[in-house]
1. Starting from the range 69-86, keep only residues that are over 17 Å from residue 34 (Cα atoms), then list their pairs with residues that are of a type in the set (Lys, Arg) and open to solvent by less than 60 Å² (accessible area, probe 1.4 Å) whose Cβ atoms are within a distance under 8 Å, requiring at least 6 positions of separation or different chains.
2. Only residues that are modelled with pLDDT under 95 and under 22 Å from residue 19 (Cβ atoms): list them for the range 56-89, please.
3. For the range 54-82, which residues satisfy the criterion of being open to solvent by 10 Å² or more (accessible area, probe 1.4 Å) and within 19 Å of residue 28 (Cβ to Cβ)?
4. I'm trying to understand the selection: among the residues of the range 51-74, which are touching a Gly at 6+ places or on another chain (Cβ under 9 Å) and of a type in the set (S, T, N, Q)?
5. What are the residues in the range 23-34 that are open to solvent by 60 Å² or more (accessible area, probe 1.4 Å) and without any contact (Cβ under 8 Å) to a residue 40 or more places away in the chain, if any?
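The values are calculated or read from the model by the stated rules, or taken from the named source; none is laboratory data. Fair warning: this is a prediction, and the values are worked out from it, not measured in the lab. Cβ placement follows ideal geometry from the backbone for every residue including glycine, while neighbour counts extend to all protein chains displayed. SASA here: full protein model, heavy atoms, side chains in, ligands and nucleic acids out. Shrake-Rupley method; radii C 1.70, N 1.55, O 1.52, S 1.80 Å.
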Amino acid sequence: LVTGRPLRTNSMSNAEFQAIEAKLKALMLEAQQGNAASYSTLLRLLGAHLRAFFRRRLGRDPDSVEDLIQETLLAVHNQRHTYQASEPFTPWAHAIAKYKLIDHLRRDARRAESPLPEADDAAELVED
């Protein structure tokens, strides 16, 4: 759940995390005002932050990590108007990332439950 508090990784100090939160939030606010350079910087920094977030959860699947980064950045772009300046930025971004991860895991589970037919099975389907 989004608690309204920034999420912090174990490897960084509270001061380091607060500095990152302040930087990302400032960039988002500038981007919402139409500053294209700030928006570009926000996406670059957020992409690196998301890469660490997804690697901790999907380290075994680097292609999925990159796909999820792109999906999340697109969702951030599409939902940027919903970000409220009175709230911390990282919980908002992490909520989007979390839901993208859940969607990804559900898709993978469905694929695992219904594997593609073997070549011989496919030939039988065509013959019928």
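1. Listed pairs, sorted by first residue: 71/100; 72/100; 75/100.
2. Matches in the range 56-89: 56 only.
3. 70, 71, 73, 74, 75, 77, 78, 79, 80, 81, 82
4. 70, 72
5. The answer is 23, 30, 33, 34.
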